[in-house]
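Following this message is one structure expressed as structure tokens.
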Amino acid sequence: MYETVLLATDGSACADRAAERAIDLASTYGADLHAVYAIETRTAYDTAIVERDEVEANLRAEGESILGDVADRAAEAGVEATTAIEMGVPADVIEAYAEAHDADVIVLGRRGRSELRRALLGSTTDALVRESPVPVMIVGEDEEAS
């Protein structure tokens, strides 16, 4: 059923539950697991106090930590994870990555880390559900992983 599962993560509680679901799917179906973390270019540099390079370095370090945790959890389940950090509008990044890697399903959390950002910019989840040609599986914070 699934050959390639793509997890889109931002480190939020919902993304953590989505990681559990994506790892479970990859394990159950013997699928490849990819995990992508998008550095949001629309808001990453909205501060004049911190230099652009410093902001990007901090966001990359955060992404590496989040993806490292996903890879470790996947390995514990016997699944090898391919991880990537991409810059851009998250919905666009996720959709492009899914298409480039022939993902059969995109797994992501219902909500991200910033409710204010979601209200101002629109929801990555909503955008993917409306626009992605790849099926999208949405996982809530309190949902069971299996």
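The values are calculated or read from the model by the stated rules, or taken from the named source; none is laboratory data. Note that the coordinates shown come from a computational prediction; the quantities given were computed from them, not determined experimentally. A quick note on method: Cβ atoms are made from the backbone with ideal geometry, for glycine too, and the neighbour counts reach across all protein chains shown.
Can you name the helices (runs of 4 or more DSSP H) wholly within region 1-104 that have at least 1 residues being over 25 Å from Glu131 (Cβ atoms) and in contact (Cβ under 8 Å) with a residue 12 or more places away in the chain?
13-29, 52-76
Next question, about the same structure. Give the residues of region 88-104 that are modelled with pLDDT under 95 and touching a helix residue (DSSP H, G or I) at 6+ places or on another chain (Cβ under 7 Å), sorted by residue number.
Pro90, Ala91
Then there's this: Looking at region 34-61, which of its residues are at pLDDT 65 or above and of a type in the set (Asp, Glu)?
Of everything in region 34-61, those that are at pLDDT 65 or above and of a type in the set (Asp, Glu) turn out to be Glu40, Glu51, Asp53, Glu54, Glu56.
Count, please, the residues in region 105-124 that happen to be assigned to a helix (DSSP H, G or I), modelled with pLDDT under 85 and closer than 18 Å to Tyr37 by Cβ.
3
Mind checking which residues of region 72-92 are more than 26 Å from Asp53 (Cα to Cα) and out of contact with any His (no Cβ under 9 Å at 6 or more places or on another chain)?
The answer is Asp72, Arg73, Ala74, Ala75, Glu76, Ala77, Gly78, Val79, Glu80.
Of (1) modelled with pLDDT of 95 or more; (2) under 14 Å from the mean Cα position of the chain (by Cα), Ala75 satisfies all except one. Which?
All conditions pass for Ala75, except number (2).
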